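To start, the structure under review is shown below, and the notes come after it.
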Amino acid sequence: MAGYEIGYSRISPISHSADLEAQAKDLAGAGCQRIFREEVVSSDPSRPQMNNALDAIGSGDTLVVTKLDRLARSMADLMDILARLKVKGAQLRVLALNLDTGTPQGELMVDMMRSIAQFERDLVIERQREGIAKAKVEGRFVGRAPTARRKTDEVMRLSEQGHKARAIANQLKISETSVFRILRSMSSTAKPATADRTPNMQ
C-alpha cells in the first residue's frame, strides 16, 4: 500500500506570500494530501511546521518539497532531515530536481550529497587544525581553559560564604575533586599575612 504524500513549503525572503502560494499549488498538483506551510523567513531558526511535518510522516510516506532550498538551509541541515526520514522509513521528493530518494537514482544522488557534506566538514576541521598549528608557532595559541578552572572565582566566592565542597560542586556542575583542587591551588598561591612587628610597649 502506497503511503501519503506530505508537502512542506517555506516562505521566500524575497517574494513572501506569493511564493508560498505558488509552492502550495505545485505541491497539490504533485498529489500531496496534506501541506505544512512555514511562514517564517530563513533568518528565524525555529521551524515548527517542519517539525510538525516530520512528526506526521510515517513509514512508506514521502515528504515533498518544490525546491531543495525551501527544505534545508545547509548541506548539514539536509543530512539531518534525511536521517530523520530514514528512521521513519519515509522518502524525500524534490520536484525541481526530479529527485525521489525511493528510487535507485535518487538514493545515488543522496549518497553524493552525503559525500559532499562530509568533505565540507573535513575541510572545516582541517582549516581549524592549520589555524591552531600556525597560532602555536607564532605563540598566539592559548587554548581553552578547563571548565572547572574557568569557575575559580565562583568556587572561591561560595567557599568564603561557608558552602561545603559538595554543595559548591553541585551548584557549579563540576566535580568535587575539582573544587578541592581549586581551593588547594588558591590557598598555596595566597600571600602569607604580614606579621605585626610593632614592638610591645607594655
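The values are calculated or read from the model by the stated rules, or taken from the named source; none is laboratory data. Keep in mind the model is a prediction, meaning the values are calculated, not measured. Cβ: placed from backbone, ideal geometry, glycine included. Neighbour counts: every protein chain shown.
Structure notes:
- In the set (1) at pLDDT 80 or above; (2) assigned to a loop (DSSP other than H, G, I, E, B), the condition left unmet by Leu183 is number (2).
- Any chance Asp19 is farther than 16 Å from Leu92 by Cβ and either modelled with pLDDT under 85 or outside any strand (DSSP E or B) (or both): yes
- A count restricted to the stretch 131-172 and to residues that are modelled with pLDDT of 85 or more and either in contact with an Asp or Glu (Cβ under 9 Å, 6 or more places away or on another chain) or farther than 15 Å from Leu183 by Cα (or both) stands at 7.
- Gln128 vs. criteria closer than 30 Å to Thr101 by Cβ, modelled with pLDDT of 80 or more and under 23 Å from the mean Cα position of the chain (by Cα): no
- Residue within the stretch 59-67 that is assigned by TED's automatic domain parsing to the domain that holds Ile11, small (Gly, Ala, Ser) and either farther than 13 Å from Ile6 by Cα or assigned to a loop (DSSP other than H, G, I, E, B) (or both) present: yes
A quick yes/no check of all residues on (1) on the phi < 0 side of the Ramachandran plot; (2) exposed (fewer than 12 other Cβ atoms within 10 Å of the Cβ); (3) assigned to a helix (DSSP H, G or I); (4) at pLDDT 85 or above:
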position	(1), (2), (3), (4)
Val41	yes, no, no, no
Asn52	yes, no, yes, yes
Asp69	yes, no, yes, yes
Leu92	yes, no, no, yes
Glu107	yes, no, yes, yes
Ala117	yes, no, yes, no
Asp122	yes, yes, yes, no
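- Of the candidates Ala90, Ala96, Ala83, the single residue that is touching a Lys or Arg at 6+ places or on another chain (Cβ under 6 Å), assigned by TED's automatic domain parsing to the domain that holds Asp26 and under 27 Å from Leu54 (Cα atoms) is Ala96.
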